[in-house]
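In what follows, a structure is listed as structure tokens, so that the remarks can point back to it.
The values are calculated or read from the model by the stated rules, or taken from the named source; none is laboratory data. Because the structure is a prediction, the values reported are computed rather than measured. Positions of Cβ are generated from backbone atoms using ideal geometry, with glycine treated the same way; all protein chains shown enter the neighbour counts. For the accessible areas, the whole protein counts, side chains as well, though only heavy atoms, and no ligand, DNA or RNA atoms are used. Shrake-Rupley method; radii C 1.70, N 1.55, O 1.52, S 1.80 Å.
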Amino acid sequence: MAKPSTLYWWLVGLGSIILVVAEVVFGGILLHSETKQITSTTRVLLFLLSGSLLSLAMLAALRHYLLSSNARQETTDPEHAPSSRGLSVIPLVRAILITFTVIIAILVALAELGVKIAPMLAGAGIVGIVLGMGAQSLLKDILAGIFFVIDDAFRLGEYVEIGETRGTVEKISLRSMQIRHHRGALQTLPYGTIQSVKNLSRDWVISKLEFQVPHDTDILKVKKVIKALSRQIEEDEYFGPQMLSPVKFQGIYGVDLYGLTVRVKFTTLPGEQFLIRREVYRLVQQGFANNGIEFAERTVKVDRSDDVIATADDTEAPRVSASG
């Protein structure tokens, strides 16, 4: 099924061809037979054609602006970012321009047919006020969507988080957007209900991983293991190009009864952090095993000493303590 914009241009072209053929066959449709002046039909067609050409020119200028503005920005994917933003903005602007052009063409056609449009415009203004009061939510959605797109808050194909909803932006319309969850669910969100947008697909992503080691672990040895696995990931044919910064050891993050909590962090391209995180965990486990480093274990120590604790019924209870 053709898109509304494509169908519009087909109808304009087909209608023009039909009218030209009718003029050649019958005459008097586009030009008066006697005066050879253009008819009302021709004036409407000329306005419709000029409006369509103006819309195309505005869309071309907007596309050029998006390409040039995004080219000046520092992005991790300079070829994809401008096109994705253009795909997000152009359909919205095109829908507005086509709707405006059709409405003006109808008014011009009525005026050329001798219909007084001034009272109609006044009545339409009153009706518009009434409809505006009853369709405040719709107008709120449309205006909010325009400003979201202007602010470049999201683009088609980006992974976003809006409230409790997260997924890939699959469609952007005049009133709402559709988000596809990674498990397949498709959810439609009106723009007016969106308070904030968390975009997880822009520029870079920082990941921080934590794991525990026993209290007596040599932290310098752990640091050497992290440096070694960082070099291994950077030299990998697949993971290396996805890394924007090496895996860095951040030292001891916390201490509790069971051991020392240490942290590492790294920066990747958006969407690649999940695979690299799994690879880092695998290499950490392998590196610890090769260097005699153990992970902390939560154990319970039972102390069966001679001094026991007497309970109310004179039974003995062992002393229990937690240790790393």
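Taking the range 246-257 on its own, how many of its residues are more than 12 Å from Ile276 (Cα to Cα), surrounded by 13 or more Cβ atoms within 10 Å (Cβ to Cβ) and either of a type in the set (Val, Ile, Thr) or under 37 Å from the mean Cα position of the chain (by Cα) (or both)?
5
Step by step: first the residues of the range 270-295, then only those that are crowded, with 16+ Cβ neighbours inside 10 Å and at pLDDT 90 or above, then the one that is farthest from the chain's Cα centre (by Cα). Which residue is that?
Among those that are crowded, with 16+ Cβ neighbours inside 10 Å and at pLDDT 90 or above, it is Ile293.
Within the range 169-224, can you find the residues that are in contact with a Gly (Cβ under 6 Å, 6 or more places away or on another chain), within 30 Å of Val280 (Cβ to Cβ) and open to solvent by less than 40 Å² (accessible area, probe 1.4 Å)?
Of everything in the range 169-224, those that are in contact with a Gly (Cβ under 6 Å, 6 or more places away or on another chain), within 30 Å of Val280 (Cβ to Cβ) and open to solvent by less than 40 Å² (accessible area, probe 1.4 Å) turn out to be Ile179, Val213, Pro214.
Regarding Pro318, is this residue modelled with pLDDT under 90, loosely packed, with under 12 Cβ neighbours inside 10 Å and touching a Lys or Arg at 6+ places or on another chain (Cβ under 9 Å)? First the steps, then the outcome.
Values: modelled with pLDDT under 90: yes; loosely packed, with under 12 Cβ neighbours inside 10 Å: yes; touching a Lys or Arg at 6+ places or on another chain (Cβ under 9 Å): yes.
For Pro318, the condition - modelled with pLDDT under 90, loosely packed, with under 12 Cβ neighbours inside 10 Å and touching a Lys or Arg at 6+ places or on another chain (Cβ under 9 Å) - is met.
Please find, within the range 137-168, the residue that is modelled with the lowest pLDDT out of those that are at positive phi and open to solvent by less than 50 Å² (accessible area, probe 1.4 Å).
Here the answer is Asp152.
Please find, within the range 187-236, the residue that is nearest to Leu269 (Cα to Cα) out of those that are part of a strand (DSSP E or B) and polar (S, T, N, Q). Give the derivation first.
Initial filter on the range 187-236 (part of a strand (DSSP E or B)): 187-190, 198-199, 205-213.
Now narrow it down to the ones that are polar (S, T, N, Q): 187-188, 199, 207, 212.
Working: Gln187: 26, Thr188: 27, Asn199: 13, Ser207: 11, Gln212: 27 Å.
Only one residue tops the list, namely Ser207.
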